[in-house]
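Down below is the structure, laid out as C-alpha cells.
Please treat every number below as a calculation from the coordinates, not as lab data. The structure presented is a predicted model; accordingly, all values stated were derived computationally and were not measured. Cβ sites come from the backbone with ideal geometry, for glycine too, and all protein chains shown count toward neighbours.
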Amino acid sequence: MDMKEILDGLTGKAITPCNKEYEQARLEWNRANQKYPIIIVYCYSVEDIKNAVCWARSHGIGIRIRSGGHHYQGYSNGNGILVIDVSYMKRIKLDESKNTVFVQSGVENRELYNYLGERGYPFPGGTCPTVGVAGFAMGGGWGYSSRFMGLGCDSLTSIDMLDYQGTLLKADDNHNSGLFWALKGAGGGNFGVVTSMTFQLPLKVTRVTLVDLEYLNADPKIMTSFLDTWQDWLINLDPRITINGSLYNSAVDGKGIYGRGLFYGSAEEAAEILKPFALGGAVLSLQEMTFFQAIQKIQAGYPDSEKFQSTGRFVKRRYRMEEIESIVELIQERAEGSIFAAVSVYALGGNISKIDRTSTAFYYRDAAYIMGIQSVWEEDRYASVNRSWVNERFQYLKQLTVGSYINFPYNCLPDYEEEYFGENIYRLQQINKEYDPMNVFCFPQAIRLTSSDRL
C-alpha cells in the first residue's frame, strides 16, 4: 500500500516522516521534549479536524491536539500518534456591538494582542507571544491582567468543540453547560478538539504602567526579604496590579531577582503600591504607555525556544522565615549544565478569587500566588541531571503548597488529577465519561475514565 492510500480520508496538510518538513514540524517550543508522531495534520477547517479524528479512530492511532506547541511536557505531541495541529486556523472577528471577539483555536497570544491592541482593547491573555490562546484559556490562563480582569477562561462566553464522533458542539451557559464549565480550566487536550472560542472583551483603556523591578547581585538575605515582603504585600493588594517575580541564578547574570507586570493606573500610583519592595539595591522602572506597547515590550523578552523543566504550585499560607530561607537556598547552586535556575512567584487574588472555586474547573482560586522552580539547559547531555535537580527541589516545595497549575504541568505527579483539579476532578470525570466515553482524547496526564467506566 502506498502513502497516498494510507492517508486516504485525511484532508488539510498531512506531514509524515517521509516529508522534508517533518523534522521541523514535529518540534515543540520546549526542545527538551523530542517526540516522533506518525502523522501531523495541519487543519485549515473544522472539516479537516473531523476527518483527522475519524481517520485516527478507524486506524487505531492515538490523537494529540496542538495549537501553539507550548505544553511544558510535550503532551501536545507524542510518539507513534497523529497530531491534530490547528495552528493554521487563525480567524479573528470583533463584534463591537456585543463587545466580544471570536477567535479560532490556532490564534497565538501575539496575534490576538496585535488585532485587539490596534483597536484599543486590552485582553487578559498570556505573556509568551507564541502560546496558543486556546491552550492558554483552557488551562485557566494566568497573565499580567489576571488580578484585574480575571483569568483568561473567565472572559469566555462560548466554545465550539469537535467531539470523538466528529460532531461539532457549542458549549456555553445554555448549551452543554457542563462541558462549558469543564473547558474553563481543564480543557487542554481533554473532552475533544476546541475549534473556536468567543471572549467578552474588557473596556478600552488608554494607558497602563509597565512595571519592571530588579535586584542585581542579590544575596540570600535580599532574596529572603523579597519573599517575606511579597507574601505580606499581596494581602489586600490593589487588584489593578499583577506581577510575577523570579529569584534567579544565571550563568550569565549571576544571582538576582527580576519582577515584571502591569498596573492599570498611573506610574505615580504604581510607585506608591510598590514601596515595600524598596529593599537594598532595588531598581524600579515604571513606564506609562498603551496596553499594546506594553505587551510588545513584554513579548520581546521571550526566546524562540528553550530546553527546560518547570513547575507551578499554589500557595495558600504564610511562610515562616526558616521556610523562606530554605526556598531561597534551593537555587543557590545550579545543576550541572544549567544556564538558568529560578524560583518564580505569580500573583493571584484580586478578581481571580471573586469567583467560587467550583464555578469553573479552575479549582485553586483562593490561593495567594503560584510558586514554581525551573532549570534551563542547552546541551542534551545535561537533561537528566537538570530534571533530577528540579525534582529534588520540587519535593520540598510540594510540602509547602497545595496542588499544581495545569498550565505549568509536571510529569512527576502520581496523583496528577487531584493535584491539578482538586475536588473538581470528580465532576470532570463524569463530564469526560459523557463527552469522550471511548477515551479517544487520551494523553499521559489526561482526565481518566474510572475503571468501571472504561469500555
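Worth a mention:
- Span from the region 356-432 Cα centroid across to the region 277-322 one, whole angstrom: 19 Å
- Relative counts (whole %) of C-alpha pair distances in region 175-317, using bins that are 10 Å wide: 9, 29, 32, 22, 7, 1
- Unit charges at the beta carbon, dipole of the chain: most positive-side option, Leu400, Leu201, Ala294: Leu201
- Selection of chymotrypsin sites (Phe, Trp or Tyr not before Pro), region 85-184, meeting DSSP coil and at most 16 other Cβ within 10 Å: Tyr88
- Residues whose amide H lies under 5 Å from that of Lys307, counting only those 5 or more places away or on a different chain, are Arg31, Trp377; hydrogens are built 1.01 Å from N in the peptide plane.
- Cα centre as origin, Lys/Arg/Asp/Glu Cβ charges: region 92-204 dipole, Debye: 220 debye
- Sequence of Glu214, Glu28, Glu23 once ranked by neighbouring C-beta atoms within 10 Å, starting from the fewest: Glu23, Glu214, Glu28
- Whole-angstrom Cα spans of region 3-85 along principal axes, big to small: 34, 24, 23
- The fewest-to-most ranking of Thr209, Thr242 by surrounding Cβ atoms within 10 Å reads Thr209, Thr242.
- Total formal charge among the other residues, if their Cβ is under 12 angstrom from that of Leu210, Lys/Arg +1 and Asp/Glu -1: +1
- Taking the DSSP beta bridges with both ends in the chain, the antiparallel portion is around 90 percent.
- Filtered GluC sites (Glu not before Pro), region 230-334: DSSP coil and at most 11 other beta carbons within 10 Å: Glu333
- Net +/- balance of residues flanking Arg318 in space, Cβ distance below 11 Å, scoring K and R +1, D and E -1: 0
- Rounded to the nearest whole angstrom, the semi-axes of the ellipsoid equivalent to the chain, taken from the Cα gyration tensor as √(5λ), stand at 36, 25, 21, largest first.
- Listing Ser105, Ser246 from fewest to most neighbouring C-beta atoms within 10 Å gives Ser246, Ser105.
- In order through region 253-259: 3J(HN,Hα) via Karplus (6.51 cos²θ - 1.76 cosθ + 1.60), integer Hz, x for Gly, Pro: 9, x, 9, x, 9, 9, x
- Top positive-direction residue, dipole computed over region 23-135 with Cβ charges, set Ile65, Gly132, Phe102: Ile65
- Computed about the Cα centre, the dipole magnitude for the chain is approximately 440 debye when only Lys and Arg (+1) and Asp and Glu (-1) carry charge, each at its Cβ.
- Between the beta carbons of Asp253 and Arg119, assuming R0 = 51 Å, the FRET efficiency works out to 0.85 to the nearest 0.05.
- Nearest-20 debye value, region 1-71 charge dipole, Cβ charges on Lys, Arg, Asp, Glu: 280 debye
- Annotation note: trypsin sites (Lys or Arg not before Pro) in region 289-376 located in DSSP loop regions with a Cβ neighbour count of at most 15 within 10 Å are Lys316, Arg317, Arg318, Arg320, Lys354.
- Here the 3J(HN,Hα) profile of region 234-243, calculated from phi with Karplus coefficients 6.51, -1.76 and 1.60 at θ = phi - 60°, is 5, 5, 6, 5, 3, x, 6, 10, 9, 9 Hz, Gly and Pro shown as x.
- For the pair Asp415 and Gln332 in one chain, pulling the backbone fully straight at 0.36 nm per residue adds 26.9 nm over the alpha carbon distance.
- Segment Tyr44..Asp238, full-extension length gain: 65.5 nm, with 0.36 nm per residue of separation and the alpha-carbon distance subtracted.
- Percent of C-alpha pairs per 10 Å bin, region 92-204, short to long: 15, 52, 29, 4, 0
- Greater than 23 Å apart at Cα, pairs in Lys398/Lys433; Lys316/Lys398; Lys184/Lys297: Lys398/Lys433; Lys184/Lys297
- Helix 383-400 axis, angle to the chain major axis (alpha carbon atoms, nearest 10°): 70 degrees
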